[in-house]
Amino acid sequence: MQHSEFEKLSPALQQLSASEGLAHVSTQYGADSIFSTSFGMEDQAISHLIFSAGLSIDVFTLDTGRMFTETYSTWRQTLETYKQPIHAYYPQAVPLQEYVTKNGPNAFYESQELRKSCCYIRKVEPLQRALKGKKIWITGLRAEQSANRQDMPKVEWDEGNQIIKYHPILDWSWDQLKAFIRDNQVPYNVLHDKGFVSIGCAPCTRAIREGEDFRAGRWWWEDNSKKECGLHHS
């Protein structure tokens, strides 16, 4: 996609609500648009908007092989509720086998370099396969989730993946999100009721304590304010 098309689309999406923006993307780009879900509350809200409106947006997830049992249960509940497919992408076997053989199954605790290598194998490379050939990547990012996302635009150009990124609920608050889930009876991960805000792989996620940052529960052993897995470079 050329930057000119991005520059034309961006102002339109900036002014639309989440449901309006998703409908616009579906109408304009159909199967060239794709949404990535990790079954957290944000992604469940967007899945509801896509599935309940019958939008022509592909939905996929990255199964890292280290997800919580509760996350798999949410996946199953989502399929049962909406009767719509969610495409699964998995790590390539050989790189994963080589990583674990050389470093062990929990090497990500040992250094940030090993942790990022694990994230790349289990998440980043499968994501690249999922996005290939698509024009718009929809995410569930919210500005409130991280200090690094406070100034993020709702629509941006992802140079690395050569794709438009659209964050339809970027400006939603946590309370607004919870109200949407409750009012629309959207299935959600029960870990959210136990202090888990951002839910990733089980070994790398913990509940946060009162007053902690939204991202404090991710890779908590790392002393770094900009803790990301590489899916989003911000």
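A short reminder: the numbers here are calculations on the coordinates, not readings from a lab. None of the values given here were measured: they were computed from a predicted structure. Note: ideal-geometry Cβ built from the backbone for every residue, glycine included; neighbour counts use all protein chains shown.
Just a few scattered comments:
- Expressed as a whole percent, the proportion of Cα-Cα pairs in the range 1-44 lying more than 16 Å apart is 49%.
- Annotation note: GluC sites (Glu not before Pro) in the range 80-179 located in DSSP loop regions with a Cβ neighbour count of at most 13 within 10 Å are 110, 159.
- Selected from 93, 4, 145, residue furthest toward positive end of dipole (the range 3-217; charges at beta carbon): 93
- Here the ratio of the Cα radius of gyration of the range 106-191 to 2.2 N^0.38 Å is 1.33.
- Rounded tilt (10° steps) of 174-183 against the dominant C-alpha axis of the chain: 70 degrees
- For the range 1-131, the direction-averaged projected area of the alpha-carbon convex hull comes to 9.7 nm².
- Net charge dipole size for the range 24-128 [Lys, Arg +1 and Asp, Glu -1 on Cβ; Debye, nearest 20]: 160 debye
- With a threshold of 19 Å on the Cα-Cα distance, the over-threshold entries among 116/154; 154/194; 83/134; 8/154 are 116/154; 154/194; 83/134.
- log₁₀ of I(q)/I(0) at q = 0.15, 0.24 Å⁻¹ - the range 163-227, Debye sum with one point per alpha carbon: -0.60, -1.16
- FRET efficiency, residue 69 to residue 97 (Cβ-Cβ, R0 25 Å, nearest 0.05): 0.60
- The radius of gyration of the Cα set in the chain, together with its Dmax, comes out at 17.3, 50 angstrom.
- Nearest 10 degrees, 0 to 90: helix 93-103 Cα axis against the chain principal axis: 40 degrees
- For the chain, built as a Gaussian network whose Cα springs stay under 10 Å, the top-fluctuating residue of 167, 48, 87: 87
- Relative to the Cα centre, the charge distribution of the chain, modelled as +1 at Lys and Arg Cβ and -1 at Asp and Glu Cβ, gives a dipole magnitude of about 460 debye.
- Using every pair of distinct Cα positions in the range 69-125, the Kirkwood expression returns a hydrodynamic radius of 13.2 angstrom.
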